[in-house]
Number of protein chains: 2
Amino acid sequence: MRFDPQSLRYDEMGLIPCIAQDHDSGQVLMVAWMNVDSVARTLETGRVTYWSRSRQAFWVKGESSGHVQHLVELRIDCDRDCLLALVNQTGPACHTNRRSCFYTALRDGEEVEIMAPQAD
Amino acid sequence: MRFDPQSLRYDEMGLIPCIAQDHDSGQVLMVAWMNVDSVARTLETGRVTYWSRSRQAFWVKGESSGHVQHLVELRIDCDRDCLLALVNQTGPACHTNRRSCFYTALRDGEEVEIMAPQAD
């Protein structure tokens with residue numbers, strides 16, 4: 001079936017969450033939001049393009065930082081209200097310079113930092 | 001630092017998205033929502049417990065289907081507005097009987113089913 005970005009289920013803000021997962025390692029890198037146009041742009045350009053809720057603008061991941069996400073494959077969940085982007089990530093995905101945004105683990109009721117920022 | 005479920009950033013509905021990832025294979029299984037009490041219950045019981053938006057009730061994953069998610073580790077992202085649950089998943093995670101909800105891939109502009117339902 002031909003894919004139409006309009007066929008996804010967006011929330012009342014017109015957004016859908018997208019998980020970025022490292023294609024090689026399987027590491028979950030980050031979650032951000034897309035609107036219908038950023039889904040289309042991501043597929044057209046092969047560069048993962050979110051919608052920045054704070055800036056209300058397209059956010060081509062890595063455009064300023066160089067920490068680009070090249071799309072390997074985009075997947076849709078059963079409810080069509082969540083996306084999974086398998087990516088090749090250049091450098092850290094997190095703005096804190098860590099590989100993944102999920103660097104805090106809960107262990108025995110404590111918050112534990114399990115990932116260090118990468119060197120520049 | 002001691003973890004307090006109240007310290008997470010919930011949306012205007014009091015919810016936070018949680019990704020379930022297979023601890024062994026790294027496969028992303030599903031995304032569902034938690035409120036502050038389901039986060040606390042998940043940590044207390046070791047059974048991943050979402051908040052069902054449609055039923056407005058706790059949803060102990062697998063309670064009726066037997067397709068339980070045992071929590072291995074819960075992680076928080078940098079913005080504290082998304083969770084990652086590493087789990088041991090019994091059987092399929094998806095209500096369609098597929099291992100993962102992300103069974104539809106976009107390839108050359110087409111929707112392609114990449115995963116079959118598991119046999120009962």
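The values are calculated or read from the model by the stated rules, or taken from the named source; none is laboratory data. The structure presented is a predicted model; accordingly, all values stated were derived computationally and were not measured. We place every Cβ from the backbone using ideal geometry, glycine too, and count neighbours over all the protein chains shown. Note: accessible area is taken over every heavy atom of the protein model, side chains too, but ligands, DNA and RNA are not part of it. Shrake-Rupley method; radii C 1.70, N 1.55, O 1.52, S 1.80 Å.
Show A:77, A:11, A:24, A:4 ordered by accessible area, largest first, where the area counts protein heavy atoms only and the probe is 1.4 Å.
Heavy-atom accessible area, descending, gives A:24, A:4, A:11, A:77.
Once you wrap a convex hull around the alpha carbon atoms of chain A, what is its projected area averaged over all directions, in nm²?
Projected area, direction-averaged: 8.9 nm².
How far is residue B:2 from the same spot in each other copy, in nm, shortest first, if each label point sits 7 Å from Cα toward Cβ?
6.0
Just the accessible area per residue of segment A:5-91, please: how many Å² with a 1.4 Å probe?
That works out to 44 Å² for each residue.
Averaged across the residues of A:82-93, what count of C-beta atoms belonging to other chains lies within 10 Å of each residue's C-beta?
Other-chain Cβ atoms within 10 Å of each residue's Cβ, averaged: 2.
Roughly speaking, what is the stretch gain from residue B:64 to residue B:119, that is 0.36 nm per residue apart minus the C-alpha to C-alpha distance, in nm to one decimal?
Here the answer is 18.0 nm.
Stokes-Einstein D for the protein assembly as shown at 25 °C, 0.890 mPa s, Kirkwood Rh over Cα pairs, in µm²/s?
Calculated translational D: 135 µm²/s.
Roughly speaking, to the nearest percent, how much of the protein assembly as shown's 1.4 Å accessible area is carbon and sulfur?
It is 46 percent, rounded to a whole number.
In nm, what does the list of distances from residue A:45 to its counterparts in the other copies look like, shortest first, when each label sits 7 Å along Cα to Cβ?
List, nearest first: 4.4 nm.
Under a 5 Å amide H to amide H cut-off, with H placed in plane at 1.01 Å, what residues pair with residue A:29 once short-range neighbours are removed?
The answer is A:20, A:21, A:22.
So which trypsin sites (Lys or Arg not before Pro) in segment B:18-53 are both in a DSSP loop and have at most 14 other Cβ atoms within 10 Å of their Cβ?
B:53
Mind grabbing the interface size between A and B? I mean buried accessible area, both sides, 1.4 Å probe, in Å² to the nearest hundred.
The summed interface area works out to 3300 Å².
At a Förster distance of 30 Å, what's the computed FRET efficiency of residue B:40 paired with residue B:90, Cβ-Cβ distance as r, to 0.05?
Computed FRET efficiency for residue B:40 and residue B:90 comes out at 0.85.
Between residue A:73 and residue A:112, how many nm apart are label points set 7 Å from Cα along the C-beta direction?
For residue A:73 paired with residue A:112, the spin-label model returns 3.3 nm.
Within chain A, which is the longest segment containing none of the GluC sites (Glu not before Pro) that sit in a DSSP loop and have at most 14 other Cβ atoms within 10 Å?
A:64-120
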